[in-house]
1. Could you tell me what percent of the accessible area of the chain is made up of carbon and sulfur, with a 1.4 Å probe and every protein chain present?
2. Give me the 1.4 Å probe accessible area per residue for the chain, excluding ligands and nucleic acids, in Å².
3. Divide by every residue of the chain the summed helix terms, -39500 (n - 2.57) for each DSSP H run of at least 4, and state the resulting mean residue ellipticity at 222 nm, rounded to the nearest 500 deg cm²/dmol.
4. Which far-off residues, 5 or more places away or on another chain, put their amide H under 5 Å from the one on V50, with H placed in the peptide plane?
5. Which of these values of Cα extents along the principal axes in Å was calculated from the structure shown: (1) 33, 31, 29; (2) 49, 32, 25; (3) 38, 34, 27?
6. I'd like the FRET efficiency for R90 and A62, computed as 1/(1 + (r/R0)^6) with the beta carbon distance as r and R0 of 22 Å, rounded to 0.05.
7. What's the longest bit of the chain with no exposed GluC sites (Glu not before Pro), using DSSP loop states and at most 12 other Cβ atoms within 10 Å as the test?
Amino acid sequence: MATELGADVVIDRTHDDVVAAVKEATERRGADVVFDPVGGDGFAAAARCVAFEGRIVLVGFASGSIPAPRLSHALVKNYSLLGLHWGLYRQHDPEAIARAHGTLSGLADDGVV
């Protein structure tokens with residue numbers, strides 16, 4: 001389905017070597033941004049394939065395993081870890097929800113995402 005919707009690269013984490021597939025797709029550079037709703041082994045793979053100056057966005061732990069990132073690895077590889085608790089925006093910045101929805105809808109309309 002992702003390919004039909006225009007994805008350039010589709011990786012099946014249950015069958016593919018995620019790190020090798022990301023490295024191949026990015027000419028060994030790694031992913032600039034990794035969106036991680038899984039945690040556990042998914043986070044470990046993200047840390048291995050994130051690019052220099054990349055970002056790993058932590059949004060959940062669907063695997064049931066909360067990772068304990070090696071901060072020395074983030075330092076040596078120069079990437080950022082960003083936590084995103086979307087539900088807190090209703091409390092702290094509800095206007096951001098509407099802005100984000102508008103921006104994402106515009107990107108979808110333009111065929112970017």
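The values are calculated or read from the model by the stated rules, or taken from the named source; none is laboratory data. From a predicted model like this one, the values you see are computed outputs, not experimental measurements. Heads up, the Cβs are rebuilt from the backbone with ideal geometry, glycines too, and the neighbour counts pull from every protein chain shown. The protein model used for the area step is the full one, side chains on, heavy atoms only, and it has no ligands, DNA or RNA in it. Shrake-Rupley method; radii C 1.70, N 1.55, O 1.52, S 1.80 Å.
1. 56 percent
2. Value returned for the chain: 73 Å² of accessible area per residue.
3. Result for the chain, helices only: -11000 deg cm²/dmol.
4. When sequence neighbours closer than 5 places are left aside, the close amide H contacts are A31.
5. The calculated read-out lines up with (3).
6. Once rounded, the FRET efficiency stands at 0.55.
7. Here the longest run is 28-113.
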